[in-house]
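Below is one structure, written out as structure tokens; the observations come after it.
The values are calculated or read from the model by the stated rules, or taken from the named source; none is laboratory data. Just so it is clear, the model here is predicted, and its values are computed rather than measured. A quick note on method: Cβ atoms are made from the backbone with ideal geometry, for glycine too, and the neighbour counts reach across all protein chains shown. These accessible areas exclude ligands, DNA and RNA; they are computed on the full protein's heavy atoms, side chains included. Shrake-Rupley method; radii C 1.70, N 1.55, O 1.52, S 1.80 Å.
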Amino acid sequence: MRSILVIDCGSSSMRGVLFGESGEIRHVERRSYFMDIDGSAATQDAAVYRESLISICAACAQIVRREKLTLGALSITSQRSSVLPVDQAGRPLGKIITWYDRRSQDICQEK
């Protein structure tokens, strides 16, 4: 049986939902985390996202193997318009600047 793994990266948690061929939910994994808010800055640690993704995928892979499924597709969604600056090798240069960050609010309100 073919399956689809959907990863949803949100502001407070990441979820992995493993669907069967007919759209039925076969398994759900969730990892919670928190946004760091300091004044108008709102950031998140990229390592936490990475660890959550690896953990969710490993748990879902166990289900796929145990139930003798075939992973036919992977879909990833994410929260609004957050930004992670990376170097040429894809390594994070800092924290994720989340959609909730308001440091540019004054610039955005200029006429």
*Count the DSSP beta bridges whose two residues both fall in the chain, then state the antiparallel fraction as a percent rounded to the nearest 5.*
70 percent
_Pairwise Cα inverse-distance average, inverted: Kirkwood Rh of the chain (Å)_ = 15.7 Å
*Could you calculate the contour length gain from Gln88 to Ser104, that is, 0.36 nm times the residue separation minus the distance between their Cα atoms, to one decimal place in nm?*
3.2 nm
*To the nearest 0.05, what FRET efficiency results for Arg66 and Ser32 with a Förster distance of 22 Å applied to their C-beta separation?*
0.35
*asked:* Can you find, among Ala89, Val28, Tyr49, the residue sitting farthest towards the positive end of the charge dipole of the chain, where Lys and Arg contribute +1 and Asp and Glu -1 at Cβ?
replied: Val28
*Solvent exposure of the chain as accessible area per residue, Å², 1.4 Å probe*: 67 Å²
*Using r as the Cβ-Cβ distance of Ser78 and Arg2, and R0 as 30 Å, what FRET efficiency do you calculate, to the nearest 0.05?*
0.80
*How far, in degrees from 0 to 90, does helix 46-66 lean away from the longest principal axis of the Cα atoms of the chain, to the nearest 10?*
10 degrees
*Helical contribution to [θ] at 222 nm, DSSP H n ≥ 4, -39,500 (n - 2.57), averaged over the chain, rounded to 500*: -7000 deg cm²/dmol
*asked:* Can you give me the distance in nm between label points at Arg50 and Ser13, each placed 7 Å from the Cα along the Cα-to-Cβ direction?
replied: 2.5 nm
*Normalising by the residue count of the chain, find the relative contact order in percent from Cα pairs under 8 Å and 6+ residues apart.*
30 percent
*Express the carbon and sulfur contribution to the solvent-accessible surface of the chain as a percent, rounded to the nearest whole number, probe 1.4 angstrom.*
53 percent
_Only four residue types carry charge here, +1 at the Cβ of Lys and Arg and -1 at the Cβ of Asp and Glu. Report the dipole size of the chain about the Cα centre in Debye, rounded to the nearest 20._
340 debye
